[in-house]
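Supplied in structure tokens, the structure appears directly below.
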Amino acid sequence: MSDLLRLATAGSVDDGKSTLVGRLLYDTKSVLADTLDAVHRASADRGLATPDLSLLVDGLRSEREQGITIDVAYRYFATPKRSFVLADTPGHVQYTRNTVTGASTAQLAVLLVDARKGVIEQTRRHAAVLALLGVPRLVLAVNKIDLVDYDEVTFSRIAKEFTAHATALGYTEDSVVEIPVSALAGDNVVEKSANTPWYSGPTLLEHLENVPVEPDPHDAPFRFPVQYVIRPRTAEHLDYRGYAGLIAAGTVKPGDEVVVLPSGRRSTVTKIDTADGELAEAAAGQSVTLLLADEIDISRGDLISVAGNEPTVTDELDATLCWLAEKPLRAGARVLVKHGTRTVQAMVTDLRDRFDEQTLSSVDGPSSLELNEIGRVALRLAEPVPLDDYSFSRRTGSFLVIDASDGSTLAAGLVGAPLPLLENGVESCTGGSTATPDDHALVSPGP
Amino acid sequence: MTTATLDTLGRLESEAIHIFREVAGEFDRPVILFSGGKDSTLLLHLAIKAFYPAPVPFPLLHVDTGHNFDEVIEFRDRVVAQHGLRLEVAKVQDWIDDGRLEERPDGTRNPLQTVPLLDSITQHKFDAVFGGGRRDEERARAKERIFSLRTAFGQWDPKRQRPELWNLYNGRHRAGEHVRVFPLSNWTELDVWNYIEREGIELPDIYYSHEREVFLRDGMWLAEGPWGKARDGETLQRKVVRYRTVGDGSCTGAVESDAADIHAVIAEVAASRLTERGATRADDRLSEAAMEDRKREGYF
Ligand SMILES: Nc1nc2c(ncn2[C@@H]2O[C@H](COP(=O)(O)OP(=O)(O)O)[C@@H](O)[C@H]2O)c(=O)[nH]1
Ligand SMILES: [Mg+2]
């Protein structure tokens, strides 16, 4: 079992996210005395009788003063069982941007609802974003259960409604867990609550400690974006030529036959090197240096793949974008695409559809994609790039869209249509020309 | 199957190595901030591993307040020589001597590091600056990116920071701007110590318990040095102490501790009820947003 879990929070403003995270930190004794003193002082300054645990997670002065949110904050806590990296998306989470950022690396998301309100649009929207970004597991924390008198019927109704929604998004039943909690009072966060005798499941922390973490799939085909070529040119290592990178998918052993993309040249792995010595095998997530049998031209930006099961090399790309910039995207836009270790020029040739988060349907042929909107686009790349589908690999199926003039990050890009609802009958992620959006989904006319 | 799933330290190490290599691949003139303290020593250790068996392709930079502990400077120079590295030293004293900076009334030189740092970055045209900052150190740092964009004036504008998605880092910047890079972002203090133990990394002695003449000021045990002496009413006492962080001697306090080796230090850190900065750094105690303000001005 992995001893590290990366998780993200999601949920509407005032559902109790900050309080829940504060409670988790507080009850796991992850808050040290001087930090706690500061919270006690700040709470007293605000005239509060009990410490406001949400202050533990409010980072910046402007957030405290104006209640605006800059972005995701990261928290670290550990129990004897596991270490946790928590991407906390405080404040005005109607901004998809925060949720997308936190979700991009999360192995689990805790989605909050207010027990008095149940599943609301925001819940459905966030669940859709989490599904899109491929977060493998969800926890629905039905918070403020104290305000509905710890009522079992209310909880079951919300849990049932949410399960149905999550299933529609592609989650299996055992990847979603619902827990009745009170972040304020602490019920079922770390300690099992006496107020919910009808609930027999785990507390939130128990679940986080024990939930299986999907290991990077070892049976996936090997993918290795080359970051840097290591050539010591010292007397001791005169002919050393190693390709450094982080294994994005699969495993590798000396003797494996590989293909270098986009060139298509073949070779054999002779050695997997690290500063701690040679490895007999290495797997996804490890930073290593590969040595090959043949002297072929390989540089940063190339991808080394297992021979026989290679990604498609293409300059036409069908992708889903989460648009993160103030200035809207229109067809014809010239941008940069950073995929793996390669950055290429690109043009957005078509806006195919926009995901309507309210109705969970798609809208054909939008004239633009605005801040926080999600849509499917066609891109033409200045040179061919080896691409996997996002649903195959979060590492080799993802890319950034970058503004060539000021360098800002404009969008999170996902190769293909990872959300079933967005698929619209497209067969492959790469056959841009064959992609004919049909309208079998609940389509309303584009603007 | 022989490939074990990476443990926490293995994942953190692999992530840091990935970050070093990304910067080497995308920037023209990176530099590693190196003071000889534990975080920067760890940083250097990871850089060496990232490019093995080739040498580290970056120089080092130390902004020297002149208020350092002798043991740390001696250690710094020894490590630099041992690995055949190139070290640039920007001495705060030089900036004071030629009038570009003025000594503060309280004698503290930590805040004076910002100008020599920014001047050195401009002078050497550094475009990526590695720092040992960790997100668990302080609330304003919890929002810091791994690639943190700085303006031509070295300033940090939280609103201009880019979303960091997956492990794709965007290091693009305009001429004159630079990027601060924090490979240790996701490490906690305990991770750092556990890794130091696992890798057998040598640190300056002052991180381990020793006897020292100290006096009490603002609840911290300070030592005498070029930064100042005990004032009236403050009495020097011989105590068994160690340092949890190492910075300007005028505002870095020692903690009473008999943790004389790495195992004892790990046990102490794991049981500690104070954050590392709260325990020992006067500069962070100044206000609720002290660190944030210094970051905006161009501090680490
Ligand atoms: N009664 C009750 N109030 C809660 C609970 N959790 C949070 N709150 C309150 O709900 C309000 C919003 O909480 P906050 O954590 O700031 O929500 P966020 O916007 O999602 O971060 C605050 O006044 C909290 O004290 C709970 O479980 N029960
Ligand atoms: Mg909040």
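The values are calculated or read from the model by the stated rules, or taken from the named source; none is laboratory data. In this text the structure is predicted, and so the values were computed from the model without any measurement. Heads up, the Cβs are rebuilt from the backbone with ideal geometry, glycines too, and the neighbour counts pull from every protein chain shown. For accessibility, only protein heavy atoms count, side chains too; no ligands or nucleic acids. Shrake-Rupley method; radii C 1.70, N 1.55, O 1.52, S 1.80 Å.
Could you state the angle between the C-alpha long axis of helix A:152-168 and the longest principal axis of the C-alpha atoms of chain A, as a value from 0 to 90 degrees rounded to the nearest 10?
That helix lies at roughly 20 degrees to the long axis.
So what's the gap between the Cα centers of the stretch A:5-43 and the stretch A:259-274, to the nearest angstrom?
Measuring centre to centre over Cα atoms gives 47 Å.
Same structure, new question: Run through all the Cα pairs of chain A and give the fraction in each 10 Å bin from 0, expressed as whole percent.
Histogramming chain A at 10 Å steps yields 4, 19, 26, 24, 17, 7, 1, 0 percent.
In addition: How much of the DSSP bridge set in the protein assembly as shown is antiparallel, in percent, rounded to the nearest 5? Walk me through the numbers before you get to the answer.
Numbers: 93 of 129 bridges.
Within the protein assembly as shown, antiparallel bridges account for around 70 percent of the total.
Report, to the nearest whole %, how much of the accessible area of the stretch A:312-430 belongs to carbon and sulfur atoms, 1.4 Å probe, protein only. Provide the component values of the computation, followed by the final result.
Details: 1750 of 3900 Å².
Solvent-exposed carbon and sulfur of the stretch A:312-430 make up 45 percent of the total.
Can you return the lysines within cross-link range of A:Lys327? Criterion is Cα-Cα under 23 Å, with same-chain partners fewer than 8 residues away left out.
A:Lys338, B:Lys159
Any lysines with Cα under 22 Å of the B:Lys49 Cα? List them, leaving off those in the same chain fewer than 8 positions away.
Reachable lysines: A:Lys253, A:Lys271, B:Lys38.
Along its three principal axes, how long is the stretch A:223-306 when you only count alpha carbons? Whole Å, largest extent first please.
The principal-axis extents, from largest down, are 33, 27, 21 Å.
To the nearest 20 debye, what charge dipole does the protein assembly as shown have about its Cα centre, counting +1 at the Cβ of each Lys and Arg and -1 at the Cβ of each Asp and Glu? Working shown, then result.
On the way: 83 positive and 115 negative charges, 172 e Å.
Dipole about the Cα centre, nearest 20: 820 debye.
Another question, then. Report, in deg cm²/dmol and to the nearest 500, the calculated mean residue ellipticity at 222 nm for chain B, where each DSSP H run with n ≥ 4 adds -39500 (n - 2.57) and the sum is divided by the residue count. Walk me through the numbers on the way to the answer.
Values: 9 runs with 97 residues, N = 300.
Calculated from helices alone, the mean residue ellipticity at 222 nm is -9500 deg cm²/dmol.
Which residues of the stretch A:192-232 bury at least 10 Å² of accessible area once all protein chains are present, versus their chain alone (1.4 Å probe)?
Buried on complex formation: A:Pro215, A:Asp216, A:His218, A:Gln227, A:Tyr228, A:Ile230, A:Pro232.
How big is the Cα convex hull of the stretch A:92-244 in projection, averaged over all directions, in nm²?
Working: hull surface 53.1 nm².
Projected area, direction-averaged: 13.3 nm².
Ok, one more. Would you mind working out the accessible area per residue for the protein assembly as shown, using a 1.4 Å probe, and quoting it in Å²?
Values: 28740 Å² over 747 residues.
Each residue of the protein assembly as shown exposes 38 Å² on average to a 1.4 Å probe.
For chains A and B, what's the summed buried accessible area, probe 1.4 Å, to the nearest 100 square angstrom?
On the way: alone 20060 and 14640 Å², together 28740 Å².
About 6000 Å² of accessible surface is lost on pairing.
Where does the charge balance sit around A:Ala164 when Lys and Arg score +1, Asp and Glu -1, over other residues with C-beta under 14 Å from its C-beta? Before the final figure, lay out each step's value.
Details: positive: A:Arg124, A:Arg157, A:Lys160; negative: A:Glu161, A:Glu173, A:Glu178.
Here the charged neighbours net out to 0.
May I pose another question? Roughly speaking, to the nearest percent, how much of the stretch A:223-306's 1.4 Å accessible area is carbon and sulfur?
Numbers: 1420 of 3340 Å².
After summing per-atom areas, the C and S share lands at 42 percent.
On a straight-distance basis, which lysines could pair with B:Lys229 in a cross-link, Cα separation under 25 angstrom, same-chain partners fewer than 8 positions away excluded?
Hits, sequence-local ones excluded: B:Lys91, B:Lys239.
Still on this structure, I have one more. I want to check a number: in the stretch A:4-210, how many lysine pairs have alpha carbons closer than 20 Å, given a sequence separation of 8 or more or different chains?
Qualifying lysine pairs in the stretch A:4-210: 11.
Something else now. May I ask you to find the residues of the stretch A:338-359 that are shielded by at least 40 Å² of accessible area once the whole protein assembly is considered instead of their isolated chain (probe 1.4 Å)?
By number: A:Lys338.
What does the charge count near B:Asp127 come to, summing +1 for each Lys or Arg and -1 for each Asp or Glu among other residues with Cβ under 13 Å from its Cβ?
Charge balance in the 13 Å sphere: +3.
With charges only on Cβ, +1 for K and R and -1 for D and E, what is the dipole size of chain A about its Cα centre, in debye, rounded to 20?
Details: 41 positive and 63 negative charges, 132 e Å.
Dipole magnitude for chain A comes out near 640 debye.
Of all the accessible heavy-atom surface of chain B, with the other protein chains kept in place and a 1.4 Å probe, what percent is carbon and sulfur? Could the numbers behind the result be given before it?
Details: 5660 of 11570 Å².
Accessible surface attributable to carbon and sulfur in chain B totals 49 percent.
Please report the antiparallel percentage of DSSP beta bridges with both residues in chain B, rounded to the nearest 5. Intermediate values should be presented prior to the final figure.
Values: 19 of 32 bridges.
So the antiparallel bridges amount to about 60 percent of the total.
Using +1 at the C-beta of Lys and Arg and -1 at the C-beta of Asp and Glu, which of B:Phe69, B:Phe34, B:Tyr52 has the Cα lying farthest in the positive direction of the dipole of the stretch B:22-77?
B:Tyr52
What number, rounded to the nearest 500 deg cm²/dmol, is the helix-based mean residue ellipticity at 222 nm of chain A, given -39500 (n - 2.57) per DSSP H run of at least four residues and division by all its residues? Kindly include the intermediate steps, with their values, before the conclusion.
Details: 7 runs with 75 residues, N = 447.
That calculation yields -5000 deg cm²/dmol at 222 nm.
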